[in-house]
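Peer 1: Structure provided below as structure tokens; questions to follow.
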Amino acid sequence: FPAYSRFTRVLFRERFTIEGERVSAIPLGVSDFWFGPRKSRKATRHAYGVGLDKIVMVTVARLTRRKGHLMTLAALSRLPDELRRRIAWLVIGPNGEADYVEEFRDMIETADCEVHLLGSLPNEHIRDIYGASDFFCLTGIPDSLGRVEGFGLVYLEAGAGGLPSVATAIGGVPDAVLADETGLLIESDIEAVAQAIAELAEDSNTRSILAAGAAAHACAL
């Protein structure tokens, strides 16, 4: 029986009465679409009002509590002023819980951070944005019901666009983001997220090495 990550394989073995060796972890693969042509970095940044001098961090996820947008914004807010003002955060995804979205918007208004809430976008536009960005960030957290990412296909889609990731090591995410190979895998902790964002934002060499690993990993699955 196939499971799409080591995490879901463990869940499958725990919850169903079948022999453990009959359950195999077979990670999901990414569509060829995400490797396809995209608009130029300059044109895409212009379309979304982002300067060419900015370090662009992108997140693609529903605005829901377990996706960790509040933690990411809190981490951004902790960065030194000079670095924080060099970063533009593009947030793509539909709204989730109304109270969470309101809390997130309120926090954006009081934070000294450049955040672009882009809502839902067609995949073609997301692919263009990956090409115009510098790294991907999705720092999920377990919610009160214990729900968590079973895998994290979006990290591979970003990797296909040449982006390394900042990701939290929860659920099946470690199968999608390989620690120190395709991105930085960290705890669900504001300070840890801040340090990871700072590392990728400041160190273009690390970004390039991890970007190559992310593209290779996405291509291999």
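Peer 1: Residue by residue through segment 65-78, note down the ones that are modelled with pLDDT of 95 or more, buried (at least 16 other Cβ atoms within 10 Å of the Cβ) and of a type outside the set (Gly, Ala, Ser).
Peer 2: If the condition is that a residue be modelled with pLDDT of 95 or more, buried (at least 16 other Cβ atoms within 10 Å of the Cβ) and of a type outside the set (Gly, Ala, Ser), then His69, Leu70, Met71, Thr72, Leu73, Leu76 are the ones that fit.
Peer 1: Condition test on Ala192, is it open to solvent by less than 30 Å² (accessible area, probe 1.4 Å) and of a type outside the set (S, T, N, Q)?
Peer 2: Criteria met by Ala192.
Peer 1: Can you pull out every residue in segment 92-116 that is in contact with a Gly (Cβ under 9 Å, 6 or more places away or on another chain) and without any contact (Cβ under 8 Å) to a residue 60 or more places away in the chain?
Peer 2: Ile92, Gly93, Pro94, Asn95
Peer 1: For segment 197-221, how many residues are touching a residue at least 60 places away in the same chain (Cβ under 8 Å), among the small types (Gly, Ala, Ser) and either more than 20 Å from Glu157 (Cα to Cα) or out of contact with any Ser or Thr (no Cβ under 9 Å at 6 or more places or on another chain) (or both)?
Peer 2: Counting residues in segment 197-221 that are touching a residue at least 60 places away in the same chain (Cβ under 8 Å), among the small types (Gly, Ala, Ser) and either more than 20 Å from Glu157 (Cα to Cα) or out of contact with any Ser or Thr (no Cβ under 9 Å at 6 or more places or on another chain) (or both) gives 2.
Peer 1: Could you tell me which numbered condition Arg38 fails, if it satisfies all but one of (1) modelled with pLDDT under 95; (2) charged (D, E, K, R); (3) buried (at least 17 other Cβ atoms within 10 Å of the Cβ)?
Peer 2: (1)
Peer 1: Looking at segment 90-105 only, could you name the residues that are closer than 28 Å to Ala132 by Cβ and open to solvent by 80 Å² or more (accessible area, probe 1.4 Å)?
Peer 2: Passing the criteria: Asn95, Arg105.
Peer 1: A further question follows. Looking at (1) over 13 Å from the mean Cα position of the chain (by Cα); (2) at pLDDT 95 or above, which is the only condition Leu163 fails?
Peer 2: (1)
Peer 1: Then there's this: Take the residues of segment 123-137 that are under 13 Å from the mean Cα position of the chain (by Cα) and farther than 11 Å from Ile92 by Cβ: which is most open to solvent (accessible area, probe 1.4 Å)?
Peer 2: Going through the qualifying residues, I end up with Asp134.
Peer 1: In this structure, does Glu82 turn out to be open to solvent by 40 Å² or more (accessible area, probe 1.4 Å), of a type in the set (D, E, K, R), closer than 24 Å to Ser204 by Cβ and not in a loop (DSSP other than H, G, I, E, B)?
Peer 2: Criteria met by Glu82.
The values are calculated or read from the model by the stated rules, or taken from the named source; none is laboratory data. On a predicted model such as this, the values are computed, not experimentally measured, just so you know. Here Cβ is always computed from backbone atoms with ideal geometry, including for glycine, and neighbour counts include all displayed protein chains. When the accessible area is computed, the model is the full protein with side chains, heavy atoms only, and any ligands, DNA or RNA have been set aside. Shrake-Rupley method; radii C 1.70, N 1.55, O 1.52, S 1.80 Å.
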